[in-house]
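For reference, the structure discussed in these notes is given below.
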Amino acid sequence: MKRTCLFVVAAFWVAGAPSAQETLLWSDEFDLGTQPDVRIWTYDIGFGVNGWGNRELQYYTDEPENVSLEDGMLHIRAVSHPPERPFTSGRIKTEDKLTILYGTIEARIRVPDLADGLWPAFWTLGNNFSEVGWPMCGELDIMEMGNSAAISDGVINRRIGSTAHWDKAGQHTNLGQYFDAPAALKDDFHVFRMEWTPESVTTFLDGQQVWQIDIRPSSCTSCTEFHQPHFLLLNMAVGGTYTGILDASGITASFPAELVVDWVRVYDNGFTVLGGTGLDATGPAPNGPEHSGSGPGEATSGHGFAHEFGPLGDGGPSALTETRAGQRL
């Protein structure tokens, strides 16, 4: 039986562990209740400014139709509701309740058929987001799918992206890379992992490296955002600049569409520091959803800046970046 764990100290030896004998510090197995544990997870609600800063088409809710626990798994559903709200979906986060500084972060996720217009993501933001905004808080995209280039290249269900976003001298800076899986990722579970140390951030799909960034001060003098606590987010957007589809008529994906998460786990890699109010919680989770009533500003929403990027090149020690003014599209 799966169990929801808060601050577990146990060696993990089974196949599929991130590396030999790493210690499992925290996990949510999503097997208790019908809604995410309110001591750990908060909902983002609404349309945000300019579609969460990315011209997205969905309205996020805390309704069971969009976010629920079923059969020991988290289900985030995008649903079509024409004409008043073309689409609704879910976005949950651990802001202030579970924060992570360094560590190995994993989730076992099944994505739906994305063609075309669905944009699922598993990612982090700096926990000072509410104080400094985006991109000053920093963002690490462990997995996002549905990019416009993947649509045009015919690999919409195979291509994943990982990206770091941060501020450099008042400008938005990002570094990322795409990886094309040999087969479609839809309709089956896959493990998405991020290994985050004081020296680097590396992401993986089922053990295959996707992307890496050197965050040492000697290589990335402006990367202080990645040496501070972050919180987790899981969501599925519909349309937006990342997908290149800005009108509901361009969405061809089938609805309802489900992003299903079997579990999320955090392991100690020798540097990991956990924080947040949820670590003090004991006993069964209370009933009823909780959500954040604040909508982000256009320039501070974070996630999925619609800037195209390519291969990392020769993998030199410096953090190769491209910059653009911090204003969101």
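Summary table
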item: First in the stretch 47-67 and polar (S, T, N, Q), second anywhere and at pLDDT below 95 and open to solvent by 30 Å² or more (accessible area, probe 1.4 Å), Cβ under 6 Å, 6 or more apart; result: Asn50/Glu298
item: Criterion (out of contact with any strand residue (DSSP E or B) (no Cβ under 8 Å at 6 or more places or on another chain) and without any contact (Cβ under 8 Å) to a residue 24 or more places away in the chain) met by exactly one of Thr197, Thr202, Thr221; result: Thr221
item: Every pair of residues 6+ apart whose Cβ atoms lie under 9 Å, when the first sits in the stretch 160-172 and is outside any strand (DSSP E or B) while the second is open to solvent by 10 Å² or more (accessible area, probe 1.4 Å); result: Ala169/Ser222; Ala169/Thr323; Gly170/Ala325; Gly170/Gly326
item: Residues within the stretch 123-159 that are in a helix (DSSP H, G or I) and either open to solvent by 30 Å² or more (accessible area, probe 1.4 Å) or not aliphatic (A, V, I, L, M) (or both), tallied; result: 7
item: Filter result for Trp41 (buried (at least 21 other Cβ atoms within 10 Å of the Cβ) and either touching a His at 6+ places or on another chain (Cβ under 7 Å) or closer than 20 Å to Gly239 by Cα (or both)); result: no
item: Enumeration of residues in the stretch 84-105 that are part of a strand (DSSP E or B) and hydrophobic (A, V, I, L, M, F, W, C); result: Phe87, Ile92, Ile100, Leu101, Ile105
item: Sole residue being of a type outside the set (A, V, I, L, M, F, W, C), modelled with pLDDT of 95 or more and within 19 Å of Gly53 (Cβ to Cβ), chosen from Gly240, Gly276; result: Gly240
item: Test: residue in the stretch 76-83 that is surrounded by 24 or more Cβ atoms within 10 Å (Cβ to Cβ), assigned to a strand (DSSP E or B), over 14 Å from the mean Cα position of the chain (by Cα) and of a type outside the set (A, V, I, L, M); result: no
item: Count - residues of the stretch 149-172 that are modelled with pLDDT of 95 or more and either hydrophobic (A, V, I, L, M, F, W, C) or under 18 Å from the mean Cα position of the chain (by Cα) (or both); result: 15
item: Answer residue from the stretch 179-194, given it is out of contact with any His (no Cβ under 9 Å at 6 or more places or on another chain) and free of Cβ contacts under 8 Å to residues at least 60 places away in the same chain and is surrounded by the most Cβ atoms within 10 Å (Cβ to Cβ) among those; result: Phe179
item: Condition met for Thr124 (closer than 16 Å to His165 by Cβ and of a type in the set (Ser, Thr, Tyr)); result: yes
item: Top-ranked residue of the stretch 94-122 - restricted to ones that are open to solvent by 10 Å² or more (accessible area, probe 1.4 Å) and in contact with a Phe, Trp or Tyr (Cβ under 9 Å, 6 or more places away or on another chain), ranked as nearest to Leu233 (Cα to Cα); result: Glu95
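Condition check ((1) acidic (Asp, Glu); (2) more than 17 Å from the chain's Cα centre (by Cα); (3) within 17 Å of Arg265 (Cα to Cα)) across all residues:
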{"position": "Pro36", "(1), (2), (3)": "no, no, yes"}
{"position": "Trp41", "(1), (2), (3)": "no, no, yes"}
{"position": "Ile45", "(1), (2), (3)": "no, no, no"}
{"position": "Gln58", "(1), (2), (3)": "no, no, no"}
{"position": "Glu70", "(1), (2), (3)": "yes, yes, no"}
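The values are calculated or read from the model by the stated rules, or taken from the named source; none is laboratory data. Quick caveat: nothing in here was measured; it's all calculated off a predicted structure. Positions of Cβ are backbone-derived with ideal geometry, glycine not excepted, and every protein chain shown enters the neighbour counts. Side chains are part of the model used for accessible areas, which takes the heavy atoms of the whole protein and leaves out ligands, DNA and RNA. Shrake-Rupley method; radii C 1.70, N 1.55, O 1.52, S 1.80 Å.
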